[in-house]
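Notes for the one structure printed next.
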Amino acid sequence: MVKLLPMIDFQVSVGRSMHMRMDISPFCENLYECSCGQQHVLKSYSRILYQGFYRIVIECPDDPAYLTCVKIRMILMAKFIGLTSISGTKVSTDTDKFLLANLMKILR
Ligand SMILES: [Zn+2]
């Protein structure tokens with residue numbers, strides 16, 4: 001099960017964040033564990049809010065309140081070996097929504 005963290009701790013787990021600029025096509029069609037409790041398949045049209053270093057923040061396709069930080073596991077940054085969910089959060093309060101909106105604004 002993906003550990004649900006408060007928004008701030010979730011952001012710490014993502015690490016240094018930036019606008020999504022990674023090509024995820026090599027990692028699509030793989031399962032990942034979502035913070036909603038289910039498993040989903042990463043799709044080219046999955047909504048990815050932003051990225052960290054080999055980490056992507058994916059919005060749950062069933063309930064957009066759930067965000068999951070998924071690590072793209074690579075060997076020597078060359079060979080893809082799978083997706084591992086690190087943490088999740090549920091954007092539920094107005095403060096959470098404010099923090100997320102603000103983060104999206106300041107990303108480089
Ligand atoms: Zn989900």
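All of the numbers you see were taken from the coordinates with simple rules; none came from a lab. Please read these numbers as outputs of a predicted model, since none were measured by experiment. Cβ atoms come from the backbone with ideal geometry, glycine included; neighbour counts cover every protein chain shown.
Observations on the model:
- Straight-line cross-link partners of residue 79 among the lysines, defined as a Cα under 25 Å from its Cα and at least 8 positions apart when in the same chain: 43, 71.
- Value at 222 nm in deg cm²/dmol, rounded to 500, when DSSP H runs of n ≥ 4 in the chain each add -39,500 (n - 2.57): -6000 deg cm²/dmol
- For the chain, share of DSSP beta bridges that run antiparallel, in % to the nearest 5: 95 percent
- FRET efficiency for the pair residue 25 and residue 102, taken as 1/(1 + (r/R0)^6) with r the Cβ-Cβ distance and R0 = 35 Å, rounds to 0.70.
- What the Kirkwood sum gives for region 7-97 is a hydrodynamic radius of 13.2 Å, with every pair of different alpha carbons counted.
- Electrostatic tally near residue 11: other residues with Cβ closer than 13 Å to its Cβ, Lys and Arg +1, Asp and Glu -1, net 0.
- Across region 8-24, computed HN-Hα scalar couplings (Karplus, 6.51 cos²θ - 1.76 cosθ + 1.60, θ = phi - 60°) run 5, 5, 4, 4, 4, 5, 6, x, 4, 10, 8, 4, 5, 9, 8, 7, 8 Hz from first to last residue, x flagging Gly and Pro.
- Cα-based shape type of region 52-94, given that a ≥ b ≥ c are square roots of the gyration tensor eigenvalues and the cut on a/c is 1.5: prolate
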